[in-house]
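Worksheet: one structure, shown below.
The values are calculated or read from the model by the stated rules, or taken from the named source; none is laboratory data. As the structure is a prediction and not an experimental result, all values here were calculated from the model. Positions of Cβ are generated from backbone atoms using ideal geometry, with glycine treated the same way; all protein chains shown enter the neighbour counts. The area values use the complete protein model at the heavy-atom level, side chains included, leaving out ligands, DNA and RNA. Shrake-Rupley method; radii C 1.70, N 1.55, O 1.52, S 1.80 Å.
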Amino acid sequence: TTDYLNVRRNTDGWLLKHQRTDGSNICGIKSSGHTGSVDLEFLTNDLVRLFIEKGGNVGIGTETPIDKFHVMGSAVFEGTFPNIRIIESDTTDLNTRILNNGGKLFIQSMTDAGAGTTRVTVDHATGSVGFGTGTPEDLVHIASASAALRIEATNNDNPAVILERPDGRDIRMTNNAGQFELQHASDAATWSRFYRYSNGHNFYNDNTDILLTVDSAGKATFSGYTKDPSMESIGEGVDFTRGDGNAFAVRLNAANGQSFYYCADLGHRFSNLNETEIYATIDNSGMTIAGHLEVNGGLKFGAIPSFTLSGGAFTPTHRGARLRSEGVGAADELTTINDTNAVGGDILVICAGDNGEAITIKHDLGNIKCGADIVLDNIHDTATFLYFNGNWRLISHQSNA
């Protein structure tokens, strides 16, 4: 066939036409009329590809553009740093630029001078989104001198944020009628409240039972028992409960030990978690202590332990010590009392050994000050010392032979 190129003005509106002899059109330019304002069409294969409306709107892929530039379908912008710039033609001097650079998508605010401030960043590699930062370090990263996230319920409902897990054990933070509320879900459908602020702080075991309340004055109430003033801290594994009557109990079940404190009308009791061992009791008659009592990190009260001399020295742990010689039943000398566990003011009572040995306590050969050597050669002999300024000073010596 032979192709023809026609330039003409006729009733069908064609201005420029590339046509085959069989009458099919290859491409061309066509107008909507001959007089007045007219639309202009650019065609290929008898399909309108570019349409310029008489009012000035331009359409690509559409013959009914609804704005200055209307694309029906997709568009590609390719280059080293492809970008789209939206300019506001008034006096505000604020423009917007959408830019792809270094594997990231940026939305920036710009001035007419061209300086850009990044408002939103999307990292294509990690999927991270940044607000106010060009280098988001997490899935959502907000950077601002006064960083804030506002969630508004326009239907007067309670706005919430849900931290969701695959197993359904989720956490929900809610503004419930002006009160801050934390809830957890054991499954996807059941929410239980465990914290709520309502003129104070309430902690729940479910939606109804309050375990702990701290009011605005700092007063803490544990299941009906009031503690005033408020506590400074609660450690991991601490359980506050209400016992019989007006009793108040604190249980500690931590990895490093178990203990129990019980307060009732008749006094205070400290024990292990199951109350099978009572460590101390304080009541109207005084204090009863089981085991030993440690005061300010110094020597302990309690049963008197035995020590075997080594190189003329030993290290006491309690306020009493029974000494044995290095050789069973042989005489020995004590020149130094190690002060590893002692503090100033500690009292130490040394008793003779129970194997018939004679222990001579030497004056001023080490850190012992007793005026002269003294001998403990009977199981009932004792020497009492006061620890002061790095030395053990003799208070009394009792020979009970």
Problem - Output for segment 368-401, where each listed residue is under 60 Å from the mean Cα position of the chain (by Cα), open to solvent by 40 Å² or more (accessible area, probe 1.4 Å) and among the hydroxyl-bearing types (Ser, Thr, Tyr) - result: 396
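When segment 372-401 is examined, which residues are found to be among the β-branched types (Val, Ile, Thr) and not in a strand (DSSP E or B)? I'd like the intermediate steps shown before the answer.
Here is the first cut: in segment 372-401, the residues among the β-branched types (Val, Ile, Thr) are 374-375, 379, 382, 384, 395.
The one that is among the β-branched types (Val, Ile, Thr) and not in a strand (DSSP E or B): 379.
Say we look at segment 154-164 and pick out the residues that are assigned to a loop (DSSP other than H, G, I, E, B) and closer than 20 Å to residue 185 by Cβ; which of these is most open to solvent (accessible area, probe 1.4 Å)? If you could, list the steps in order and put the result at the bottom.
Restricting attention to segment 154-164, the residues satisfying the condition of being assigned to a loop (DSSP other than H, G, I, E, B) are 154-159, 164.
Checking which are closer than 20 Å to residue 185 by Cβ leaves us with 157-159, 164.
Details: 157: 92, 158: 67, 159: 32, 164: 146 Å².
Once the filter is applied, the top-ranked residue is 164.
Residues checked against (1) β-branched (Val, Ile, Thr); (2) part of a strand (DSSP E or B); (3) under 51 Å from the mean Cα position of the chain (by Cα):
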{"residue": "26", "(1), (2), (3)": "yes, yes, no"}
{"residue": "41", "(1), (2), (3)": "no, yes, no"}
{"residue": "67", "(1), (2), (3)": "no, no, yes"}
{"residue": "81", "(1), (2), (3)": "no, no, yes"}
{"residue": "96", "(1), (2), (3)": "yes, yes, yes"}
{"residue": "99", "(1), (2), (3)": "no, yes, yes"}
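Does segment 117-145 hold any residues that are of a type in the set (Gly, Ala, Ser) and open to solvent by less than 90 Å² (accessible area, probe 1.4 Å), and which are they?
127, 128, 130, 132, 134, 143, 144
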Problem - Single condition residue 272 does not satisfy, out of (1) within 23 Å of residue 303 (Cβ to Cβ); (2) at pLDDT 70 or above; (3) of a type in the set (S, T, N, Q) - result: (2)
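Would it be correct to say that residue 89 is open to solvent by 90 Å² or more (accessible area, probe 1.4 Å), over 30 Å from residue 123 (Cα atoms), of a type in the set (S, T, N, Q) and outside any strand (DSSP E or B)?
Numbers: open to solvent by 90 Å² or more (accessible area, probe 1.4 Å): yes; over 30 Å from residue 123 (Cα atoms): yes; of a type in the set (S, T, N, Q): yes; outside any strand (DSSP E or B): yes.
So residue 89 passes the test.
Which residues, counting only those in segment 35-85, are among the aromatic types (Phe, Trp, Tyr) and either open to solvent by less than 70 Å² (accessible area, probe 1.4 Å) or in contact with a Pro (Cβ under 7 Å, 6 or more places away or on another chain) (or both)? Break it down stepwise before answering.
Of all residues in segment 35-85, those among the aromatic types (Phe, Trp, Tyr) come to 42, 51, 69, 77, 81.
Correct list: 42, 51.
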Exercise for the section: Go through (1) at pLDDT 75 or above; (2) over 26 Å from residue 131 (Cα atoms); (3) open to solvent by 50 Å² or more (accessible area, probe 1.4 Å) and name the single condition residue 97 misses. Expected result: (2)
